[in-house]
Number of protein chains: 2
Amino acid sequence: MAPSRSPELDPQRPYCSIERALIVLTDRWAFLVMREALLYDVERFADFRERLDIATNILTNRLDRLVQAGVLERTEYREPGSRTRPAYRPTPAGRDLTVVLGALQQWGDEHVPREDGPTMTRREQGSAAPLRVDFVRDDGPSVPLDRVEFARV
Amino acid sequence: MAPSRSPELDPQRPYCSIERALIVLTDRWAFLVMREALLYDVERFADFRERLDIATNILTNRLDRLVQAGVLERTEYREPGSRTRPAYRPTPAGRDLTVVLGALQQWGDEHVPREDGPTMTRREQGSAAPLRVDFVRDDGPSVPLDRVEFARV
DNA sequence: CGGTATCCTATAAGATACTG
DNA sequence: CAGTATCTTATAGGATACCG
């Protein structure tokens, strides 16, 4: 059976970038696979499978799609003394999805919190300073939501 | 027929905040409805319907879910000389999703661009300075991706 | 205008068995 | 270990007709 492809990206159609991004991040599993890869450095099939508790056929399908979409790369991985195994690693484009996941995490923490509080925080490496995801100007300062506007180019 | 509910948020289960956020933003239509509400100030059923080209039964279902989830509020709206109409408006929690949509838009612009370039930009009201969505420290400066870490609390 | 109600198809989700 | 293959159910998506 051919692996099901992502919905195609027709360059003519006037999808906005949000829609185009959502055609890569098709569904919940796609987000969660990227979460494992980006936040927890999961690389191996069996680890995705166990951590996400996802059926193997679905996992295969999502990994394939994410590789196709250019956000994961399938490489080989060799542990000393073992045979090589496939490893799925974020590409640079995949890495950039960290901002999207950070924004989702921040929103979830604020608006659908667990009773016992969040389990993960975003910090700066080294300083351990807490980080937020925000709109910022190129020259530095972040801008409050009510001063953000979206405009046609 | 009862409107189909969002998947429930069991407060016991160890969903991370990303997963919890995705239980509100169940699917592509949910994101796109919020895009219309937040970026284009769409409020009325007929306007969502026409702009998204979505079937009425699905639109009803997504609007209901988003109201249930507390990101949209159903209020009344009266134009002079007309009868009142329902209006769906973002709640404060809904407004905060702007950051998530901004992050998706930015990622889409960079990594799945249209051939003729992006159609929307994020700007600061007043100054019209271009805005990015980024990780920032509380005391101001934004932090490059490779210095962002996620840590268990 | 803002929906309901039906009906149908496509895709996602998931359990289970099997394989190089 | 890293998948395929098969089958079943659930949910999403959509066309169309109708209604107060």
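May I ask you to verify whether B:D53 is under 16 Å from B:T98 (Cβ atoms), within 14 Å of chain A (Cβ to nearest Cβ) and more than 13 Å from DNA strand C (Cβ to nearest atom)? When the stated conditions are applied, B:D53 does not pass them.
For segment B:74-84, filtering for residues that are near DNA strand C (Cβ under 8 Å from one of its atoms) and either within 14 Å of chain A (Cβ to nearest Cβ) or outside any strand (DSSP E or B) (or both) leaves 0. Going through segment B:31-48 one residue at a time, which ones are within 26 Å of A:R28 (Cβ to Cβ) and surrounded by fewer than 16 Cβ atoms within 10 Å (Cβ to Cβ)? B:Y40, the sole residue that qualifies.
Considering the conditions (1) touching a residue at least 24 places away in the same chain (Cβ under 8 Å); (2) within 14 Å of the chain's Cα centre (by Cα); (3) within 11 Å of DNA strand D (Cβ to nearest atom); (4) assigned to a helix (DSSP H, G or I), A:L22 is excluded by exactly one of them, (1). Is there a residue in segment A:124-143 that is part of a helix (DSSP H, G or I) and open to solvent by less than 80 Å² (accessible area, probe 1.4 Å)? Checking segment A:124-143: not a single residue is part of a helix (DSSP H, G or I) and open to solvent by less than 80 Å² (accessible area, probe 1.4 Å). Of all residues in segment B:63-73, those satisfying the criterion of being within 14 Å of chain A (Cβ to nearest Cβ), free of Cβ contacts under 8 Å to residues at least 60 places away in the same chain and either surrounded by 16 or more Cβ atoms within 10 Å (Cβ to Cβ) or within 13 Å of DNA strand D (Cβ to nearest atom) (or both) are B:L66, B:V71, B:L72. Screening B:D96, B:D109 for residues that are closer than 17 Å to B:L32 by Cα, touching a His at 6+ places or on another chain (Cβ under 8 Å) and open to solvent by 30 Å² or more (accessible area, probe 1.4 Å) leaves exactly one candidate, B:D96.
Yes/no matrix, rows are residues, columns are (1) in contact with a helix residue (DSSP H, G or I) (Cβ under 8 Å, 6 or more places away or on another chain); (2) hydroxyl-bearing (S, T, Y); (3) more than 16 Å from DNA strand C (Cβ to nearest atom); (4) more than 7 Å from chain A (Cβ to nearest Cβ):
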| site | (1), (2), (3), (4) |
| --- | --- |
| B:P86 | yes, no, no, yes |
| B:G94 | yes, no, yes, yes |
| B:G102 | yes, no, yes, no |
| B:T121 | no, yes, yes, no |
| B:A129 | no, no, yes, no |
| B:D138 | no, no, yes, no |
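Being over 21 Å from A:P118 (Cβ atoms), open to solvent by 60 Å² or more (accessible area, probe 1.4 Å) and modelled with pLDDT under 95 is a description that applies to B:R83. For A:D109, the criteria (1) within 14 Å of the chain's Cα centre (by Cα); (2) more than 13 Å from DNA strand D (Cβ to nearest atom); (3) free of Cβ contacts under 8 Å to residues at least 12 places away in the same chain hold in every case but one, which is (1).
Applying the condition of being touching a helix residue (DSSP H, G or I) at 6+ places or on another chain (Cβ under 7 Å) and part of a helix (DSSP H, G or I) to segment A:49-62 and asking which residue is least open to solvent (accessible area, probe 1.4 Å) yields A:L59.
Across segment B:78-88, a minimum of one residue is classified as under 18 Å from the mean Cα position of the chain (by Cα) and not polar (S, T, N, Q).
Just so you know, in segment B:27-45 the residues that are in a helix (DSSP H, G or I) and free of Cβ contacts under 8 Å to residues at least 24 places away in the same chain include one that is farthest from the chain's Cα centre (by Cα), and it is B:R28.
The values are calculated or read from the model by the stated rules, or taken from the named source; none is laboratory data. Quick caveat: nothing in here was measured; it's all calculated off a predicted structure. With ideal geometry, Cβ positions are generated from the backbone for all residues, glycine too; neighbour counts draw on all protein chains shown. Note: accessible area is taken over every heavy atom of the protein model, side chains too, but ligands, DNA and RNA are not part of it. Shrake-Rupley method; radii C 1.70, N 1.55, O 1.52, S 1.80 Å.
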